[in-house]
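This report refers to the structure that appears directly beneath it.
The values are calculated or read from the model by the stated rules, or taken from the named source; none is laboratory data. None of the values given here were measured: they were computed from a predicted structure. Counting neighbours? That spans all protein chains shown, and the Cβs are built from the backbone with ideal geometry, glycine included.
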Amino acid sequence: MASILSREELEADIAIVKSLLNSQLKNILRSEHMMVSGVKSMLQNRIISYMQRRHEEGDVARLTRIRNTIREVRGAGNASASAPAPAATGGIVAANTATPSQSPPYQNGHGQFVHHHPSSWGSNAPASSTFQHGRLSFKDSPFHTILEPLTTVGECKIRETTRDTVELKLTLTPTVTARLTTDPNIRILVYCAADNGLTSFTKSDVAFPAQVELKVNFDAVPAKLRGLKNKPGTTNPADITRYVRKKANYPNKIDLVYALTTKRYFVVVNLVQRHPVDELVKRLQSRVITTEQVLQEMRSKADDPDIETTSTVMSLHCPISASRIRTPCRSAICTHNRCFDAESFLLLQEQAPTWTCPVCNKVTTYESLQVDLYVDNILKSTDEGTEQVTIEPDGGWSVYGEGNVIEGGGAAPPAAAVQTAAPATPGGSDVEVLEIDDDDNNKSGVAGGVKKEVSETSTPLGVSSQIPTLSQHTPSRSGSARW
């Protein structure tokens, strides 16, 4: 029962807990036969969660016992001190702690927060001081732009051994409803963030409790709410657009059921503008690495006496999709020339935003991606069946296995311009035609046969200039590297 202890008194005890030392916190935990392992914040949260549960359950005996223990470890004379304001923890207090005269940062007329235990909260409880200094915000994503919050911020309390539910009420205005029905890229997403002490002052990664279930109007939402293991920032917000009833002023009910968490989380529903992958690829067309930049970098390396340069073999297939690259892309911070396909890369990041280069594993961002015009020119100059090209130290290139080097990254000549011809005799000497003086052989046409054979294998006039000299050919494969 809430009458056993006022909300103000409970907050005063919580404030005392936050001022205690590690040894004092452990003494309190031992008195209640609870774990004493963990850092200071974990010890504090364990005691606070225990007190809140006893308060909500109306357990007078246990609540009184732990309150007396807190007073004892703090020292005589401090037990009856006036209730101070709760210490700032950097979290955002749920909207159900605010008075009608105090509007939370996300109270904008679209909805209000309703907690699973409404009877345990006083309607005139004071708002937290941290509530006045910041708001819940998230790190920018190229795939979504947050337009406005549609609900207040809900708090997922610490629940180490039990489960709990946070309920949010979502009511759409006529303006929002119209935008949702006319623009398919206007979406409703559920965002969640873990409390790190500075949640209300910094941009947070999207993160949901480990064991969580999301429901909208009692329908389960089969969204993937967990990112890659040990990789913060790889979780996406949950899209609930199709489950929300898009009717003005209709009270949509959103439930976040969670369990077994040792930290607090904050949840909010936002209206966002979605940016499809094809739109992001089009934006990249204006950010390019020119052919001249690539050639200048290659030649500077080739001219450096401390760097030994050699020809390299570069694949024209994307390392992500293994198909031919359409839009050659790489990060401005990467030092390699091999590219990946922009669409394939962005589709992968949309599913799990790791933002690492698939070639060198360097951390990158969408803003650092650029289209490589040198590689783009090679792709446009070769047919679909070409898989690899050989890159010379000076920037010239040729199809791997062929010897027609294209200088300076220029376009390849038309296929009809290079005709099949026998290789020239070493040394460049003319082929000498032998004539047999024997009359019998002459009669049998042997000499004529010899002359005819030589005529068919000699280099036709006008084609010899198309055949590169030995100095134009690529080095032997044993001295080549692969990109």
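General remarks:
- Selected residue (criterion: surrounded by the fewest Cβ atoms within 10 Å (Cβ to Cβ)) from residues of the range 330-389 that are of a type in the set (Asp, Glu), in contact (Cβ under 8 Å) with a residue 40 or more places away in the chain and in a loop (DSSP other than H, G, I, E, B): GLU384
- Exactly one residue out of THR181, THR199 is outside the structural domain of MET34 (by TED's automatic domain parsing) and surrounded by fewer than 21 Cβ atoms within 10 Å (Cβ to Cβ), and it is THR181.
- Which listed residue is surrounded by 15 or more Cβ atoms within 10 Å (Cβ to Cβ), modelled with pLDDT under 80 and outside any helix (DSSP H, G or I), from ALA81, ALA87: ALA87
- Residue, surrounded by the most Cβ atoms within 10 Å (Cβ to Cβ), within the range 215-235, restricted to residues that are in contact with a Phe, Trp or Tyr (Cβ under 8 Å, 6 or more places away or on another chain) and over 13 Å from ALA193 (Cα atoms): VAL216
Each row is one residue, and each column tells you yes or no for (1) of a type outside the set (Gly, Ala, Ser); (2) closer than 25 Å to PRO353 by Cα; (3) in contact (Cβ under 8 Å) with a residue 60 or more places away in the chain.
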site	(1), (2), (3)
ASP164	yes, no, yes
LEU168	yes, no, yes
ALA178	no, no, no
VAL190	yes, yes, yes
ALA194	no, yes, yes
VAL216	yes, no, no
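- Given (1) in contact (Cβ under 8 Å) with a residue 12 or more places away in the chain; (2) surrounded by fewer than 16 Cβ atoms within 10 Å (Cβ to Cβ), number of the condition LEU20 does not satisfy: (2)
- Yes/no for VAL294 being within 30 Å of SER381 (Cα to Cα), touching a Phe, Trp or Tyr at 6+ places or on another chain (Cβ under 9 Å), β-branched (Val, Ile, Thr) and part of a helix (DSSP H, G or I): yes
- Selected residue (criterion: surrounded by the fewest Cβ atoms within 10 Å (Cβ to Cβ)) from residues of the range 140-178 that are in a helix (DSSP H, G or I) and aliphatic (A, V, I, L, M): ALA178
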